[in-house]
Amino acid sequence: AQKITQTQPGMFVQEKEAVTLDCTYDTSDPSYGLFWYKQPSSGEMIFLIYQGSYDQQNATEGRYSLNFQKARKSANLVISASQLGDSAMYFCAMREGEANYQLIWGAGTKLIIKP
Amino acid sequence: DAMVIQNPRYQVTQFGKPVTLSCSQTLNHNVMYWYQQKSSQAPKLLFHYYDKDFNNEADTPDNFQSRRPNTSFCFLDIRSPGLGDAAMYLCATSRGGSSYEQYFGPGTRLTVT
């Protein structure tokens with residue numbers, strides 16, 4: 001079974017609209033962390049936001065927020081007021097356990113912002 | 001200010017000719033990682049170091065080796081590159097805790113001719 005599932009291979013969104021990128025995860029470990037990364041066409045992987053499994057509140061970082069629904073095992077990324085520079089590949093990743101440094105990556109969603 | 005630096009950005013090597021990719025960091029992070037990323041795929045972890053402790057992923061081919069001579073530098077050696085090793089190689093660092101994010105370098109795109 002897939003540990004991290006991103007069901008949207010590609011999305012087109014109009015500039016200035018909000019966009020939600022889906023991510024569901026599967027783990028039996030009570031301690032885990034969820035990460036979102038952005039990868040523009042230049043190739044560099046950019047950290048966006050982190051949510052720990054014990055965090056009570058949804059994480060926010062500027063225009064990025066993480067809609068964490070623990071019971072549903074989903075960790076969707078919400079980008080408010082999208083910009084042309086948001087066009088990129090977006091990856092959801094999970095770390096299981098306290099001492100595990102390996103990230104389990106989703107397949108990614110290619111987001112294109114239309115002017 | 002560059003924090004994770006990878007050199008070179010583009011590397012062309014011949015089939016079977018050893019090649020070394022380098023990574024340096026100015027963050028003083030404990031953990032350094034090497035990933036392989038092929039087109040339109042997620043990154044695949046090859047190995048990581050926690051300080052000097054080396055951790056090899058089970059499915060990393062023996063053809064791939066790594067060295068970390070000090071905190072700042074880490075090298076990826078590909079002993080006999082095959083055509084299938086053509087990919088983007090990403091170096092990343094993180095502090096030594098499970099909640100800390102990884103900081104990535106710009107990557108080295110390897111072409112094998």
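The values are calculated or read from the model by the stated rules, or taken from the named source; none is laboratory data. Computed from a predicted model, the values in this text were never measured in an experiment. Because the Cβ atoms are built from the backbone with ideal geometry, glycine has one as well, and the counts that use them run over all protein chains shown. The protein model used for the area step is the full one, side chains on, heavy atoms only, and it has no ligands, DNA or RNA in it. Shrake-Rupley method; radii C 1.70, N 1.55, O 1.52, S 1.80 Å.
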*Over chain A, how many percent of alpha carbon pairs lie in each 5 Å bin up to the one with the longest distance?*
2, 12, 24, 25, 19, 10, 5, 2, 0
*Give a residue-ordered list of calculated ³J(HN,Hα) values for region A:77-84 (Karplus: 6.51 cos²θ - 1.76 cosθ + 1.60, θ = phi - 60°; whole Hz; x for Gly, Pro).*
8, 10, 10, 8, 6, 4, 10, 4
*Between A:ALA99 and B:ARG95, what is the label-to-label distance in nm when each label sits 7 Å out along the Cα-to-Cβ direction?*
2.0 nm
*What does the average come to when, for each residue of peptide B:39-48, you count the partner chain Cβ atoms lying within 10 Å of its Cβ?*
4
*asked:* Ordering B:THR71, B:THR113 by accessible area with a probe of 1.4 Å, largest first, what comes out?
replied: B:THR113, B:THR71
*Å³ per residue of the Cα convex hull, for region B:12-76?*
112 Å³
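Based on the alpha-carbon set only, what is the convex hull volume of region A:1-50 divided per residue, in Å³?
Numbers: hull volume 6.1 nm³, N = 50.
Cα-based convex hull of region A:1-50, divided per residue, equals 121 Å³.
Which number do you get for Rg(Cα) / (2.2 N^0.38 Å) in region A:53-92?
Details: Rg = 11.6 Å, N = 40, 2.2 N^0.38 = 8.9 Å.
With N residues counted in region A:53-92, Rg over 2.2 N^0.38 Å equals 1.29.
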*So for chain A, taking the charge dipole from beta-carbon charges (+1 Lys/Arg, -1 Asp/Glu), which of A:PHE35, A:ASN100, A:ALA71 sits furthest toward the positive end?*
A:ALA71
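For the protein assembly as shown, compute the orientation-averaged projected area of the C-alpha convex hull (one quarter of its surface), in nm². Walk me through the numbers on the way to the answer.
Details: hull surface 51.2 nm².
Computed as one quarter of the Cα hull surface, the answer is 12.8 nm².
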*From the phi of every residue in region B:38-46, what ³J(HN,Hα) in whole Hz does the Karplus formula 6.51 cos²θ - 1.76 cosθ + 1.60 yield, where θ is phi - 60° and glycine or proline is x?*
9, 3, 6, 10, 6, x, 10, 6, 8
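For chain B, report the convex hull volume of the alpha-carbon atoms normalised per residue, in Å³, without decimals.
On the way: hull volume 11.4 nm³, N = 113.
Convex hull volume per residue, Cα atoms: 101 Å³.
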*asked:* Taking θ = phi - 60°, what integer Hz values does the Karplus form 6.51 cos²θ - 1.76 cosθ + 1.60 yield along region B:69-82, in sequence order, with x for Gly and Pro?
replied: x, 7, 4, 7, 10, 8, 10, 10, 10, 10, 6, 9, x, x
*Amide proton proximity set for B:LEU46, modelled H, under 5 Å, gap of 5+*: B:TRP34, B:TYR35, B:GLN36
